[in-house]
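Note sheet for the following structure.
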Amino acid sequence: EVRDKYLARGLQLPEWFSRPAVAEILNETNPPRFRQGITIWFTGLSGSGKSTIAHALIERLAEFGRNCSLLDGDEIRTHLSKGLGFSKEDRDTNIRRVGYVAGLVALHGGTTLCSVISPYRAVRDEARKISRGNFIEVYCSTPIEVCEERDVKGMYSKARAALAAGKPMGFTGVDDPYEPPLNPEVSLDTSKLSVAECVDTIVNKLLSLGYILPHGHIAE
């Protein structure tokens, strides 16, 4: 409670809590959240709006002094996870790699946005642990029907055709399950919210948790 109420927000500990020397040590070893690294993890079906919102959020967070790195699922597949397939084991390995990199950046005070389908709940929870609690899960809950309408590559149609032919592709939402988060920090249905509204929702959550300061406030 003391960590969240005082230290995480950069507030001085009350005199009744500890001696000044101890309070000084606690403040030094527990920097406020606006000085800590953070992982913002976008999860959801293909076409749910993850990458679009992430790119817009990067620009917005720059206004608050947070420079961000983006780990995009498609790019990760061609670099960090090149050679991995789409079996459950390979998908879990892919997400663990993304989680490890994001957690390492967060540990050193950086901000990473991860835009990955990450369909399995257990491995997403592993990624959260790597970031040591500085983890914001953003669930893009857009209905699959809307995701399919946005699918310019026709991947959903191909997956359904392959499934009908008895040759499943392992495509999330068609012949492979997606396990929705149970308690995401933010949930966004982009069939009802604009990109700007989605970004505002995330920014307000970060403000409420102390990861960014309101405009006009100076970090000391």
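The values are calculated or read from the model by the stated rules, or taken from the named source; none is laboratory data. Every value quoted in this text rests on a predicted model; they were computed, and no experiment measured them. Reconstructed Cβ throughout: ideal geometry from the backbone, glycine too, with neighbour counts over all protein chains shown.
Pairs meeting the criteria (first residue in segment 38-49 and under 7 Å from CYS114 (Cα atoms) and assigned by TED's automatic domain parsing to the domain that holds ARG132, second residue at pLDDT 95 or above and in a strand (DSSP E or B), beta carbons under 6 Å, at least 6 apart or on different chains) are ILE40/LEU113; ILE40/ILE136; TRP41/CYS114; TRP41/GLU137; PHE42/SER115; PHE42/VAL138. Reported count of residues in segment 181-216, each being surrounded by fewer than 14 Cβ atoms within 10 Å (Cβ to Cβ) and closer than 20 Å to ARG150 by Cβ, is 4. Applying a threshold of 6 Å to beta carbon distances and a minimum spacing of six or more residues, or different chains, the list of pairs starting in segment 113-131 at a residue that is in the same structural domain as LEU70 (by TED's automatic domain parsing) and ending at one that is in a loop (DSSP other than H, G, I, E, B) and modelled with pLDDT of 95 or more reads PRO119/TYR178; TYR120/GLU179; ARG121/GLU179; ARG124/SER118.
Of the residues making up segment 131-184, those that are assigned to a loop (DSSP other than H, G, I, E, B), among the acidic types (Asp, Glu) and within 24 Å of VAL199 (Cα to Cα) are ASP151, GLU179. Could you look through segment 50-80, keep only residues that are free of Cβ contacts under 8 Å to residues at least 24 places away in the same chain and not in a helix (DSSP H, G or I), and pick out the one that is farthest from ALA102 (Cα to Cα)? For segment 50-80, the residue satisfying everything is HIS79.
Annotation note: Cβ proximity below 9 Å between a residue of segment 83-98 that is closer than 14 Å to ILE117 by Cβ and a residue that is of a type in the set (Asp, Glu) (sequence gap 6+ or interchain) occurs for LEU84/ASP90; PHE86/ASP176; LYS88/ASP176; ARG91/ASP176; ASP92/GLU126; ILE95/GLU126. Scanning segment 141-149 for residues that are assigned by TED's automatic domain parsing to the domain that holds GLY49, surrounded by 16 or more Cβ atoms within 10 Å (Cβ to Cβ) and either within 13 Å of the chain's Cα centre (by Cα) or among the small types (Gly, Ala, Ser) (or both) turns up at least one hit.
Within segment 92-130, being farther than 19 Å from ILE53 by Cβ and assigned to a loop (DSSP other than H, G, I, E, B) holds for HIS108, GLY109, GLY110, TYR120.
The criterion of being under 22 Å from LEU61 (Cα atoms) and free of Cβ contacts under 8 Å to residues at least 24 places away in the same chain holds for GLU197. With the requirement that a residue be more than 13 Å from the chain's Cα centre (by Cα) and over 19 Å from GLY173 (Cβ atoms), what does segment 106-125 give you? If the condition is that a residue be more than 13 Å from the chain's Cα centre (by Cα) and over 19 Å from GLY173 (Cβ atoms), then LEU107, HIS108, GLY109, GLY110 are the ones that fit.
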